[in-house]
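**Student:** Please read through the structure below; I'll follow up with questions.
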Amino acid sequence: MEVDLIAAGKRIREIRNHHKYSMARFSKLVGNSSASTVNNWEKGNNLPNQDRLEKLAILGNTTIDWIRYGEFEDYVARLLIEANLRKKLDKKQFQQLIQTLKKQKITYSQDLKILTVANELFPDLFETNYKAIFSEESDSLISEDSTTYRIEQNDRYRNDFLPRIEELLHDSSQKEINATVLFRTFDMLKRTESNKHFPAIPQIFTILSDIVTNDVSYRNKPTSKVVDYAELTKNNHKGKQLSENTVKKKYAQAKKDLADLLDDFYSEYNDK
């Protein structure tokens with residue numbers, strides 16, 4: 001779940017006001033910063049870095065997770081709202097869920113595990129089953145540096161997508177080609193996202209990757225509305241080579257599937 005910077009800022013202000021510190025004094029206690037830095041935290045412009053969050057947690061006799069997300073019960077409640085349940089859990093059900101999570105030592109940022117436990121306890125309330133391969137949780141935090149784009153405050157972007165882009169555009173020996181492909185892909189996605197067949201694009205890329213790489217490792221489809229992006233970005237996509245006869249049959253089928261998908265994708269434009 002993304003951090004609500006405004007709410008986090010209010011909790012930081014609550015810690016400062018509890019000790020009756022000025023912003024200047026407070027900034028010195030949590031690190032070599034300034035009153036304007038503290039002001040940015042409290043306004044919700046950004047979050048302190050890991051070291052300063054640890055000091056804030058000590059001053060507030062609390063945890064970093066509380067500063068970021070608030071009470072755990074509130075965190076779970078917001079997550080359930082995002083899950084679009086058929087029906088809201090009643091008070092008794094919600095307390096049963098919280099007790100089960102604490103018993104299993106499931107806490108903040110383990111969203112998929114929380115939803116899986118809730119789904120197991122109350123399956124009739126969910127539109128889909130939450131079953132996922134759990135990846136290790138990241139402890140990285142939003143930088144306290146000023147950001148130019150809103151996406152820079154997104155943990156998923158910082159932890160999952162940015163490292164992959166860095167690898168393609170910096171570490172690769174084909175960085176110029178990769179940059180060209182990425183920009184063309186971004187442009188295509190932007191121009192086509194209003195198309196009603198836009199959800200078919202991942203399937204189109206899957207077929208193309210199978211044909212180009214003769215690789216069968218991309219066939220696993222998500223079983224949940226919540227996608228584990230950290231799992232998708234791991235460097236473990238290599239599958240197995242197919243026999244020549246199988247490749248020919250697979251290519252013929254893939255060609256037909258791709259043609260059908262593209263026909264559907266462009267149908268609304270062809271009819272105009």
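**Student:** If a residue must be farther than 30 Å from K113 by Cα, of a type in the set (D, E, K, R) and surrounded by 16 or more Cβ atoms within 10 Å (Cβ to Cβ), how many such residues does segment 1-31 contain?
**Tutor:** 2
**Student:** Just checking, does segment 55-66 include any residue being basic (K, R) and buried (at least 17 other Cβ atoms within 10 Å of the Cβ)? Steps first, please.
**Tutor:** First, the residues of segment 55-66 that are basic (K, R): 55.
Now drop any that are not buried (at least 17 other Cβ atoms within 10 Å of the Cβ), which leaves none.
Among the residues of segment 55-66, not one is basic (K, R) and buried (at least 17 other Cβ atoms within 10 Å of the Cβ), which makes the answer no.
**Student:** For segment 14-65, give me each residue that is of a type outside the set (S, T, N, Q), within 28 Å of the chain's Cα centre (by Cα) and assigned to a loop (DSSP other than H, G, I, E, B).
**Tutor:** G44, L47, P48
**Student:** Can you pull out the residues in segment 158-199 that are assigned to a helix (DSSP H, G or I) and either among the charged types (D, E, K, R) or in contact with a His (Cβ under 9 Å, 6 or more places away or on another chain) (or both)?
**Tutor:** Answer for segment 158-199, where residues must be assigned to a helix (DSSP H, G or I) and either among the charged types (D, E, K, R) or in contact with a His (Cβ under 9 Å, 6 or more places away or on another chain) (or both): R158, D160, R164, E166, E167, D171, K175, E176, R184, D187, K190, R191.
**Student:** Is it the case that L89 is at pLDDT 85 or above, buried (at least 18 other Cβ atoms within 10 Å of the Cβ) and in a loop (DSSP other than H, G, I, E, B)?
**Tutor:** Details: at pLDDT 85 or above: yes; buried (at least 18 other Cβ atoms within 10 Å of the Cβ): yes; in a loop (DSSP other than H, G, I, E, B): yes.
For L89, the condition - at pLDDT 85 or above, buried (at least 18 other Cβ atoms within 10 Å of the Cβ) and in a loop (DSSP other than H, G, I, E, B) - is met.
The values are calculated or read from the model by the stated rules, or taken from the named source; none is laboratory data. Since the model is a prediction, treat every value here as computed from it, not as a measurement. All Cβ positions, even for glycine, are placed from backbone atoms using ideal geometry, and neighbour counts span all protein chains on display.
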